[in-house]
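What follows is one structure encoded as structure tokens, with my remarks underneath.
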Amino acid sequence: MSFIPYAQHTVSQSDIDAVVAALKSERLTQGPLAETFAAEVAQYCNARHAVAVTNASMGLIAACHAAGVAREDWVWTTPNTFAASANCARHCGARVDFVDIDPRTFNMSVSALEQKLVRAAEQQRLPKAVIPVHFAGQSCDMQAIARLAREYDFVVIEDAAHALGGAYLDKKVGACEYSDMTVFSFHPVKSITAAEGGMVLCNSAELYQRLQDVSRQGVVRDSTRFLNDSDAPWYYEQHSLGYNMRMTELQAALGRSQLHRLDEVITERRRLAARYAELLKSLPVQLPELDAAAKSAWHLYVIRIDFMTMDKDKAAFVQSLAKDGIGTQVHYMPVHLHPYYQLQGFTMGDFPVSEVYYQQALSLPLYPGLTDEQQDCVVAALARQLVG
Ligand SMILES: *Cc1c(COP(=O)(O)O)cnc(C)c1O
């Protein structure tokens with residue numbers, strides 16, 4: 001049996017044909033495909049606007065800029081995420097703080113958020129923006145976060161890198177019903193891929209404009225917005241400082257082609273997750289819990305094992321699984337434990353729920369294309385390790 005990775009993309013013949021067609025087209029970048037892809041994702045999610053960008057990390061930076069995040073501002077996110085969810089704020093010069101997770105969903109805890117907001121209001125250091133992350137594809141409690149956003153006046157940016165295709169209260173994640181902006185990733189491990197790629201969705205025309213500006217070097221080509229008079233055909237103006245975050249036509253061609261199968265991908269991920277739940281129920285592991293309001297996109301299947309009580313070393317456990325041909329991963333080492341954030345003043349013990357979770361969490365292989373036989377092998381290898 002060949003090695004079973006924890007994640008694996010799929011590329012179909014029609015994906016390849018779409019990319020080849022883009023390669024043979026007149027434009028490799030700044031063509032029609034990136035805009036079409038953005039419009040299609042916006043339509044899928046029922047959001048008004050979307051901007052296609054190079055990747056979600058840049059998308060988060062664009063969103064922070066559009067939100068007006070600047071020096072001296074505070075931005076809060078969860079420790080249980082990829083570093084990009086926090087780094088975006090640092091790139092805008094802002095200070096980062098974290099809100100510990102809910103021990104059941106591993107998403108940002110709304111009660112911890114509320115308590116922290118009460119204290120921050122007293123100290124006059126309320127956040128400019130909060131970035132909840134829909135961990136493993138399951139939406140955060142966005143209605144409650146939106147209520148706090150109104151009360152404490154912060155911008156909500158959903159890091160939905162895990163959650164394209166998921167839903168919350170019967171609306172697709174990305175509809176921005178309870179947030180200002182939503183960011184998706186098209187990295188190969190995510191729901192669908194564009195090799196690299198990201199997208200920022202919003203409903204506000206003003207945010208859309210700012211997202212476009214910041215992702216296009218702050219350059220304005222719409223003559224109705226020009227500050228100076230010019231009829232010259234080559235004329236454009238730079239109004240603000242931005243970046244080049246353009247998605248190429250090749251990326252967009254791949255993403256568009258993959259978008260056709262998004263619902264199938266989610267259905268298959270859901271089926272495999274339900275199958276894991278059935279196969280694993282007699283093992284001494286804790287299974288992911290589902291929130292009734294959210295329909296997960298099942299980006300990850302995270303089990304928890306009480307390694308400490310079982311007197312097992314987690315690294316050795318992962319290594320023996322790898323020897324048995326089973327790839328696993330750990331999502332995530334809490335962001336505040338990275339040396340970069342320790343230098344910002346965070347230490348072990350700051351976010352204990354995330355830290356305990358990190359000791360126990362293990363992501364099992366989950367992707368369309370994982371066969372039932374392979375899944376049986378994963379469970380058998382776990383059973384050998386756990387119950388001998
Ligand atoms: C993958 C990921 C990102 C970054 O996405 P890229 O497209 O690789 O830049 C950001 N946040 C989370 C939670 C992710 O999983």
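Report every pair of residues separated by at least 6 positions or lying on different chains whose Cβ atoms are under 7 Å apart, first residue within the range 177-206 and on the phi > 0 side of the Ramachandran plot, second more than 12 Å from the ligand (Cβ to nearest atom) and assigned to a helix (DSSP H, G or I).
These pairs meet every condition: Ala195/Leu254.
Would you pick out the residues in the range 34-65 that are hydrophobic (A, V, I, L, M, F, W, C) and in a strand (DSSP E or B)? Show your work before the answer.
Just the residues of the range 34-65 that are hydrophobic (A, V, I, L, M, F, W, C), to begin with: 34, 37-39, 41-42, 45, 47, 50-53, 56, 58, 60-64.
Across the range 34-65, the qualifying residues are Ala50, Val51, Ala52, Val53.
Pick from Gln30, Gln115, Gln8: which is more than 14 Å from the ligand (Cβ to nearest atom), part of a loop (DSSP other than H, G, I, E, B), on the phi < 0 side of the Ramachandran plot and not aromatic (Phe, Trp, Tyr)?
It is Gln8.
Do we find a residue being within 25 Å of Cys140 (Cα to Cα), of a type outside the set (Lys, Arg), in a loop (DSSP other than H, G, I, E, B) and touching a helix residue (DSSP H, G or I) at 6+ places or on another chain (Cβ under 9 Å) anywhere in the range 313-330?
There is at least one residue in the range 313-330 that is within 25 Å of Cys140 (Cα to Cα), of a type outside the set (Lys, Arg), in a loop (DSSP other than H, G, I, E, B) and touching a helix residue (DSSP H, G or I) at 6+ places or on another chain (Cβ under 9 Å).
Determine the pairs where a residue that is touching a residue at least 24 places away in the same chain (Cβ under 8 Å) and assigned to a loop (DSSP other than H, G, I, E, B), located within the range 71-94, has a partner that is more than 9 Å from the ligand (Cβ to nearest atom) and of a type in the set (Asp, Glu) with Cβ atoms under 6 Å apart, the partner being 6 or more residues away or on another chain.
Ala94/Asp73
Given the conditions (1) within 12 Å of the ligand (Cβ to nearest atom); (2) in contact with a His (Cβ under 9 Å, 6 or more places away or on another chain); (3) closer than 26 Å to Gln286 by Cβ, which single one is not true for Ala86?
Failed condition: (3).
Name the single residue that is nearest to the ligand (Cβ to nearest atom) among those in the range 168-221 being over 26 Å from Asn107 (Cα atoms), part of a strand (DSSP E or B) and not basic (Lys, Arg).
Val219
Search the range 132-163 for residues being touching a Cys at 6+ places or on another chain (Cβ under 8 Å) and in a loop (DSSP other than H, G, I, E, B), and hand back the single one that is farthest from Leu117 (Cα to Cα).
Within the range 132-163, the subset touching a Cys at 6+ places or on another chain (Cβ under 8 Å) is 132-134, 157-158.
Retained after the next criterion (residues that are in a loop (DSSP other than H, G, I, E, B)): 132, 134.
Details: Pro132: 14, His134: 20 Å.
Top of the filtered list is His134.
Based on this model, can you work out whether Val75 counts as within 15 Å of the chain's Cα centre (by Cα) and within 16 Å of the ligand (Cβ to nearest atom)?
For Val75, the condition - within 15 Å of the chain's Cα centre (by Cα) and within 16 Å of the ligand (Cβ to nearest atom) - is not met.
Read through the list (1) within 16 Å of the ligand (Cβ to nearest atom); (2) closer than 21 Å to Gln342 by Cα; (3) touching a Phe, Trp or Tyr at 6+ places or on another chain (Cβ under 6 Å), then give the number of the only condition that Ala52 fails.
(2)
Would you point out the residue of the range 310-358, among those that are among the β-branched types (Val, Ile, Thr) and over 20 Å from the mean Cα position of the chain (by Cα), that is surrounded by the most Cβ atoms within 10 Å (Cβ to Cβ)? First the steps, then the outcome.
Taking the range 310-358 and keeping what is among the β-branched types (Val, Ile, Thr), we get 318, 326, 328, 330, 335, 347, 353, 356.
Imposing the further condition that a residue be over 20 Å from the mean Cα position of the chain (by Cα) reduces the set to 318, 326, 347, 353, 356.
Numbers: Val318: 17, Ile326: 24, Thr347: 9, Val353: 17, Val356: 15.
Only one residue fits best here, namely Ile326.
Any residue at all in the range 227-248 that's under 30 Å from Asp291 (Cβ atoms), within 18 Å of the chain's Cα centre (by Cα) and in contact (Cβ under 8 Å) with a residue 60 or more places away in the chain?
Checked against the condition, which is being under 30 Å from Asp291 (Cβ atoms), within 18 Å of the chain's Cα centre (by Cα) and in contact (Cβ under 8 Å) with a residue 60 or more places away in the chain, the range 227-248 yields no hits at all.
Residue under question is Asp291, and the condition is that it be out of contact with any His (no Cβ under 6 Å at 6 or more places or on another chain), at pLDDT 95 or above and more than 24 Å from Asp376 (Cβ to Cβ); does it hold?
no
Could you please let me know if Asn203 is under 22 Å from the mean Cα position of the chain (by Cα) and surrounded by fewer than 16 Cβ atoms within 10 Å (Cβ to Cβ)?
Details: under 22 Å from the mean Cα position of the chain (by Cα): yes; surrounded by fewer than 16 Cβ atoms within 10 Å (Cβ to Cβ): no.
The answer is no for Asn203.
Please enumerate the residues belonging to the range 137-167 that are within 16 Å of the ligand (Cβ to nearest atom) and either free of Cβ contacts under 8 Å to residues at least 24 places away in the same chain or more than 23 Å from Ala66 (Cα to Cα) (or both).
Gly137, Gln138, Gly165, Gly166
The values are calculated or read from the model by the stated rules, or taken from the named source; none is laboratory data. Because the structure is predicted, anything quoted here is derived from the model rather than measured. Virtual Cβ from ideal backbone geometry, glycine too; neighbours counted across all protein chains shown.
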